[in-house]
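Engineer: Following this message is one structure expressed as C-alpha cells.
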Amino acid sequence: DTAMLAVEELSLTVRRGEIAKPILASVSLTCAKGEIVGLVGESGSGKSMTLRTAVGLTPAAADVSGRVRVSGRDMLGASPKELTEVRSRTASMIFQDPRAHINPFQRIGTFLAEGLRMHQGKSKQDAARAAIALLAEVGLPDPARHMRQYPHELSGGMLQRVMIAAALASEPELLLADEPTTALDVTTQAEIMSILLRLRRERGLSIVLVTHDLDLAVSICDRIHVMYAGSIVEVASAAELARRPQHPYTAALFAARPGPDRQELRSVSGRPLGLYEVEGGCAFAPRCPAADGLCHETPPVARLVDGHLVACHLAGEPGTDTGPAHAAGT
Ligand code: SF4
Ligand code: MG
C-alpha cells in the first residue's frame with residue numbers, strides 16, 4: 001500500500017438532536033506518493049468535510065463509517081493523541097484564509113520558529129535559521145525582514161506562502177490544501193501553484209488540492225475527483241477529464257467556467273443540493289439536462305467508462321455524450 005491518503009467508502013452523518021443530516025456518502029479518494037490530486041466541486045458539496053474527516057477533524061456528534069489511512073495509518077480507529085501526531089508530523093493543512101489561522105499579534109519569525117522547535121526540537125537559533133530557509137523556499141523576497149513583520153504587514157499571497165512554510169516545518173509527506181488561492185488574484189494564484197509543483201518535485205510531497213475551480217485543478221493536478229452532494233461523481237486523470245468529461249456535472253462545470261479574461265462570471269444553472277436534500281435517484285437530476293425517468297428513481301453506481309470512474313446512468317451511452325467541446329484551451 002503506497003497511497004499517502006486512502007479514503008474508502010467514507011460516509012458521514014451529523015446528528016443534531018433528533019435530526020440526522022447525511023453529509024458524505026461513500027466517498028473514495030486516493031493520493032499516491034508524489035501525486036497531486038484534485039477534489040473539485042461547488043461549495044457545500046462536502047470537499048472540506050472529506051479532508052477534515054480524513055485527518056480526524058470530524059465534527060462533534062457525527063456518525064462516520066468507512067476506512068481512512070494516512071501513510072498507512074488507520075485514522076478512524078486512531079486515538080485523539082495519534083490523530084494529533086499524524087496532523088502535526090505527516091499531513092499538514094493550508095486553508096483559504098491564512099489570517100484566520102495565524103495569531104495577528106505574533107511576528108512571522110516567532111510563529112514559524114515555534115512550529116520548528118515543537119516539531120524538530122531545534123534550538124532558538126537553529127529554528128530561526130530554518131524559518132528563514134523555509135521563507136526563502138516558498139519564494140518570499142526578503143526572509144530576514146519578514147521574520148520581524150506581523151501578519152497585517154503582509155499581503156494575502158505573502159501570508160499564504162508563510163502558511164505553506166509553516167506547513168513544511170514538520171516535514172510532512174502529505175499537504176492538504178483547502179481552497180488555498182480562492183481569496184487571491186490570478187497572478188498570485190499562479191505563483192502559489194508553481195510553489196506547490198516545486199514542493200512536489202523537490203520534496204516528493206503528495207498534495208490534495210480542494211477547489212471549486214476546475215480549470216485550476218486541471219492546470220496542476222495529476223488526477224481529479226469531482227464531488228457533488230457528498231458523493232464522488234467522476235474520477236479521471238486531469239488530461240482525460242478535460243478532454244472528455246463523462247459526467248454531466250463535470251461537463252457543466254467546464255461549460256460554466258469564466259472566459260480567459262475571467263470577466264464573465266457564470267455558474268452551473270440551478271442550486272446545488274446538500275446530500276440531506278436528495279430524495280432518491282441521482283442527486284444531480286434536478287439540474288441535469290440529460291436526466292430521464294430512471295435518474296429520478298435510482299441512484300447511479302460508479303462504473304468505468306473509457307477510463308473514467310463515473311456515477312451516471314447514461315455516461316457512455318450514445319446520444320448523451322457530453323462531448324470534448326468544453327475542454328478546449330486547457
Ligand atoms: Fe444526469 Fe441521470 Fe446521469 Fe444523474 S444519472 S447525472 S440525472 S443523466
Ligand atoms: Mg470548503
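Engineer: How long is the gain from Leu294 to Arg73 if the chain were fully straight, where each residue apart is worth 0.36 nm and the alpha carbon distance is subtracted?
Structural biologist: Values: separation 221, 0.36 × 221 = 79.56 nm, distance 4.01 nm.
Gain in length upon complete extension: 75.5 nm.
Engineer: Follow-up. Work out the length of the dipole vector of segment 97-171 about its Cα centre, built from +1 on the beta-carbon of each Lys and Arg and -1 on the beta-carbon of each Asp and Glu, and round it to the nearest 20 debye. Spell out each step's value before the answer.
Structural biologist: Values: 9 positive and 7 negative charges, 45 e Å.
Dipole of segment 97-171, to the nearest 20 debye: 220 debye.
Engineer: Could you go through segment 206-219 in sequence order and give the Karplus-derived ³J(HN,Hα) for each residue, using 6.51 cos²θ - 1.76 cosθ + 1.60 with θ = phi - 60°, rounded to whole Hz, and x for Gly and Pro?
Structural biologist: 8, 9, 10, 9, 8, 7, 8, 9, 5, 4, 4, 4, 4, 6
Engineer: Show the residues, 5+ positions off or on another chain, whose built amide H is closer than 5 Å to the amide H of Arg303.
Structural biologist: Residues meeting the criterion, in which the H sits 1.01 Å from N, are Val310, Ala311, Cys312.
Engineer: Moving to a separate point now. Given a Förster distance of 51 Å, report the FRET efficiency between Leu197 and Glu18 from their Cβ-Cβ distance, rounded to the nearest 0.05. Provide the component values of the computation, followed by the final result.
Structural biologist: Working: r = 48 Å, r/R0 = 0.94.
Once rounded, the FRET efficiency stands at 0.60.
Engineer: Calculate the spin-label point distance for Arg271 paired with Ala62, positioning each point 7 Å from the Cα along the beta-carbon direction, and give it in nanometres.
Structural biologist: It is 2.4 nm.
Engineer: Give, as a single signed number, the net charge of other residues whose beta carbon lies under 13 Å from the beta carbon of Leu209, with Lys and Arg counted +1 and Asp and Glu -1. Provide the component values of the computation, followed by the final result.
Structural biologist: Working: positive: Lys47, Arg200, Arg223; negative: Glu35, Asp178, Glu179, Asp213, Asp215, Asp222.
So the surrounding residues net to -3.
Engineer: A follow-up question, please. Summing -39500 (n - 2.57) over the DSSP H runs of n ≥ 4 in the chain and dividing by its residue number, what mean residue ellipticity at 222 nm do you reach, to the nearest 500 deg cm²/dmol? Could you put the intermediate results ahead of the total?
Structural biologist: Details: 11 runs with 109 residues, N = 330.
Result for the chain, helices only: -9500 deg cm²/dmol.
Engineer: Moving on to the next point. Please sort 171-179, 67-75, 220-228 by packing, taking for each peptide the average over its residues of neighbouring beta carbons within 10 angstrom, highest first. Provide the component values of the computation, followed by the final result.
Structural biologist: Details: 171-179: 21.6, 67-75: 17.9, 220-228: 24.3.
Peptide ranking by packing, descending: 220-228, 171-179, 67-75.
Computed from the coordinates by the stated procedures, all read-outs in this text should not be read as laboratory data. All of these numbers come straight from a predicted model, not from anything done at the bench. All Cβ positions, even for glycine, are placed from backbone atoms using ideal geometry, and neighbour counts span all protein chains on display.
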